[in-house]
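Working notes, structure below.
The values are calculated or read from the model by the stated rules, or taken from the named source; none is laboratory data. Keep in mind that what you see is a predicted model, and the values were worked out from it rather than measured. In this analysis, Cβ positions are derived from the backbone assuming ideal geometry, glycine residues included, and neighbour counts consider all displayed protein chains. In case anyone asks, the SASA skips ligands and DNA or RNA and just uses the protein heavy atoms, side chains included. Shrake-Rupley method; radii C 1.70, N 1.55, O 1.52, S 1.80 Å.
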Amino acid sequence: MKPEVLMQMKSRWAALTASEQNMVKWGAVLVLPVLFYLLLWQPAHTNVAKLQTSVPQLRAQFAQIQAQAVEVQTLRQGAHPAVLEGDALRHIVTGAAEAAGWAAPMFLIEQADKQAVRVTAESVAFASWVKFLRELDSAHHIRADSLTVTPLPSSGMVKVNATLVNGAPE
């Protein structure tokens, strides 16, 4: 405490009569245990029960996170998919398009460069296009590098211009 405040408190205490000093002492003896209970004991006792339930849950989460970290490390060190180039990339995209029931002239696939193919679809269902991209990504790690989707007057139909590349790390 600051010396001025301490001096002021001592002077006020000295100004009290002996009976007033005794009354303050007894009041402190009665109030301090109540304050101790309300401010320290009860909140700590209440939070112990909460901690007893949350700590095991947090430990389980921690164990799960550690297991996932080990799995991530294992997957990072695993085999990487081969990088598809040129004709191989075009052949896979063409095969997937044919499997989806798309063919020229409404669906064109041409080589954009060594590692990319350009896809132009005049009219495809948007849901089918998204499914097509998802299947290419999951099966062959082929992803859209650039994509333009234009809605058509028919409900759910779109015009698509996309450049697809192999998503495998180089």
With the requirement that a residue be at negative phi and surrounded by fewer than 16 Cβ atoms within 10 Å (Cβ to Cβ), what does segment 97-107 give you?
Glu98, Ala99, Ala103, Ala104, Pro105, Met106
Boolean, Gln73 is open to solvent by 100 Å² or more (accessible area, probe 1.4 Å) and polar (S, T, N, Q)
no
Regarding Lys25, is this residue over 37 Å from the mean Cα position of the chain (by Cα) and charged (D, E, K, R)?
yes
Of all residues in segment 103-136, how many are free of Cβ contacts under 8 Å to residues at least 24 places away in the same chain, in contact with a helix residue (DSSP H, G or I) (Cβ under 9 Å, 6 or more places away or on another chain) and within 21 Å of Ser155 (Cβ to Cβ)?
1
Within segment 79-96, identify whether any single residue is within 16 Å of Ile142 (Cα to Cα), touching a Gly at 6+ places or on another chain (Cβ under 7 Å) and open to solvent by 50 Å² or more (accessible area, probe 1.4 Å), and answer yes or no.
no
Would you be able to say whether some residue in segment 99-109 is in a strand (DSSP E or B) and at pLDDT 90 or above?
no
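Can you tell me which residue is least open to solvent (accessible area, probe 1.4 Å) among those in segment 109-131 that are more than 12 Å from Leu164 (Cα to Cα) and of a type in the set (D, E, K, R)?
Start the filter on segment 109-131 by keeping residues that are more than 12 Å from Leu164 (Cα to Cα), which leaves 121-131.
Those left that are additionally of a type in the set (D, E, K, R): 122, 131.
Numbers: Glu122: 74, Lys131: 110 Å².
Across segment 109-131, the extreme among qualifying residues is Glu122.
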Just give me the residues in segment 146-155 being open to solvent by less than 70 Å² (accessible area, probe 1.4 Å) and either acidic (Asp, Glu) or in a strand (DSSP E or B) (or both), in sequence order.
Ser146, Val149, Thr150
Could you check segment 132-145 and list, in sequence order, the residues that are open to solvent by 70 Å² or more (accessible area, probe 1.4 Å), assigned to a helix (DSSP H, G or I) and touching a strand residue (DSSP E or B) at 6+ places or on another chain (Cβ under 9 Å)?
Asp137, His140
